[in-house]
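These notes concern the structure reproduced below.
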Amino acid sequence: MQSHPPGRPRTVAIIGAGPAGITAAYQLVKSGIRTEVFEAAPSVGGLARTIDLWNQKVDLGPHRFFSSDPRVNKVWLEVMGDDYEMVNRLTRIYYKGRFFYYPLKPFNALANLGVLEAMRCMTSYGVQRFRRCNEQDCFETWVVGRFGRRLFEIFFKTYSEKLWGIGCQELDADFAAQRIKKLSLLEAIKNSLFTGNGNQHKTLVDQFAYPHNGSGEVYRRMAAFVRNNGGSVECKQPVHRVLVKDRRAIGLEFENGEQRFFDQVISTMPLNLLVTRLANVPDRIVAAANSLRFRNTILVYLKVESTRLFKDNWLYIHSPELRTGRITNFRNWAPQLYGDEPSSILALEYWCNNEDPLWSEKDDRLIDLAKNELNKTGLTNKAVISAGYVHRIPRCYPVYVRGYKNALEPVEQYLKQIDGLTVIGRYGSFKYNNQDHSILMGVLAAENIAQDAKLHDLWQINTDYEYQESAVISKTGLVREPSKSRGLPAPAPVPSAA
Ligand SMILES: Cc1cc2nc3c(=O)[nH]c(=O)nc-3n(C[C@H](O)[C@H](O)[C@H](O)COP(=O)(O)OP(=O)(O)OC[C@H]3O[C@@H](n4cnc5c(N)ncnc54)[C@H](O)[C@@H]3O)c2cc1C
């Protein structure tokens, strides 16, 4: 622990013990700053936590950790030691009864699409290459511009509409730009033909590090470190609002009405709630914050009495006739998750808004829906589905509605004027973060505070941030990437739900 230089805050309060908040706490405690974390949920880890279910461990949907940023990977390895597996990633797209490998494998794609459809796709792609459409402000024109309309309709449209609940023309191009960036069809085909040439786009990376006891283990260990080193982490302690006086954050008010005072506050609570609960916020800022939309997720876990269902870590369900968008098979992550249990746990994801009837549907009806849909795919091989469990996650995804930045920008400017308040995290800063982005935000927020300097503008950290060095986690620790290709640090095969 370091001694306390003058100018640094003595006490920091952190709202939320998800990856962003607990990483910030972990780093601050190492700097010798008294840090108190307040978490609304009964346990730490946020969306990346791991829960116990039917004598096994499962995450809240698939949680693959991947980063090429040495700062992020260093912290992750420091916490996990060698208590992780390198998992070979296998993910396929299920579309109209067929399975498409992703990254695309030309022969598999050809066999599945059929020669005629494949030719249509290539023609539509070729036409698009000549057309050169400049209007790429929405998701649809962005993807069509790179992949052609036919492939857009097969591989992007239905899935994206399930995920976001809005048409692809209403979805901002940022979503595609951040998640699939420079990947083009030609690059995907090139990579599938010439794998291992060290020049793969990062969306095609096919191994990832996974903690033996689930993704939440990282954050559980960080919380233990904070508690053992002079900090505190209080669960079931929802914060109502941040107290601000003379444009300076001075403490927190909890849901139970209690107030506590701190030198600085880091917030990872939903941005709209943070802003609208502050005192004396101008109406236009309240209106802007209220216009930011989030999408919910319902996870339906099913216990299937078989250990050999399908080999993928997860499947993307593009078929329009099924409402589920993704199916995770936790049997294919790490053996420590299931131990000696002779069954597999699958999680089916359903995305919806608060006002959709599905969100308030009874649990047993949701379990029936998931069972029926799973059986329709044929993935269970007629094995018995012996139990179901429903987990609802509100505000799971910040929705990048076209033009959302016009609302985010004034909110950001307003919050920047409040001294001693740092806003980070996925719904905390309305950025479509993966774990690695939230960990990075936590690391950099702690650095700003510990060094009492605005070293990093945390609002600038997006899912497509650039970094100087590139190093990835391997079984033996951190290794430099063979190529220093820059770009998307968190890969996704299609602009996927993470
Ligand atoms: C289904 C699904 C799949 C995903 N797959 C991947 C993946 O494969 N790879 C990957 O890297 N990432 C994945 N993610 C994303 C990953 O979970 C998030 O990026 C990460 O959890 C974000 O961390 P965070 O700390 O910013 O936010 P969160 O995890 O949301 O944590 C915020 C915390 O703040 C707490 N909180 C909120 N309000 C209050 C309040 N008022 N008072 C006190 N506490 C409060 C919450 O309870 C929560 O614990 C996935 C997410 C989902 C939902």
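Data table
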{"item": "Near pairs, Cβ below 9 angstrom, 6+ apart or cross-chain, from region 280-302 (without any contact (Cβ under 8 Å) to a residue 60 or more places away in the chain) to any residue that is within 16 Å of the ligand (Cβ to nearest atom) and open to solvent by less than 10 Å² (accessible area, probe 1.4 Å)", "result": "Val286/Val275; Asn290/Val275"}
{"item": "Segments classed as strands (runs of 3 or more DSSP E), wholly inside region 272-352, with at least 1 members that are among the basic types (Lys, Arg) and either at pLDDT 95 or above or within 13 Å of the ligand (Cβ to nearest atom) (or both)", "result": "294-304, 326-329"}
{"item": "Condition check for Arg92: closer than 29 Å to Thr380 by Cα, modelled with pLDDT of 95 or more and within 16 Å of the ligand (Cβ to nearest atom)", "result": "no"}
{"item": "Residue count for region 19-57, restricted to those that are assigned to a strand (DSSP E or B) and within 9 Å of the ligand (Cβ to nearest atom)", "result": "2"}
{"item": "Selected residue (criterion: farthest from Ala446 (Cα to Cα)) from residues of region 237-257 that are open to solvent by 20 Å² or more (accessible area, probe 1.4 Å) and more than 13 Å from the ligand (Cβ to nearest atom)", "result": "Gly257"}
{"item": "Any chance Asp452 is modelled with pLDDT under 90, part of a loop (DSSP other than H, G, I, E, B) and on the phi > 0 side of the Ramachandran plot", "result": "yes"}
{"item": "Region 413-425: number of residues that are in a loop (DSSP other than H, G, I, E, B) and either under 12 Å from Ser267 (Cβ atoms) or without any contact (Cβ under 8 Å) to a residue 12 or more places away in the chain (or both)", "result": "4"}
{"item": "Single residue of region 33-57 satisfying the filter (within 16 Å of Ser438 (Cβ to Cβ) and of a type in the set (A, V, I, L, M)) that is surrounded by the fewest Cβ atoms within 10 Å (Cβ to Cβ)", "result": "Ala41"}
{"item": "Positions within region 66-75 being within 11 Å of the ligand (Cβ to nearest atom) and modelled with pLDDT under 95, in sequence order", "result": "Phe66, Ser67"}
{"item": "Qualifying residues in region 375-393 (those that are of a type outside the set (S, T, N, Q), open to solvent by 60 Å² or more (accessible area, probe 1.4 Å) and at negative phi) - the one nearest to the ligand (Cβ to nearest atom)", "result": "Arg392"}
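The values are calculated or read from the model by the stated rules, or taken from the named source; none is laboratory data. Computed from a predicted structure; not experimentally measured. Cβ atoms come from the backbone with ideal geometry, glycine included; neighbour counts cover every protein chain shown. These accessible areas exclude ligands, DNA and RNA; they are computed on the full protein's heavy atoms, side chains included. Shrake-Rupley method; radii C 1.70, N 1.55, O 1.52, S 1.80 Å.
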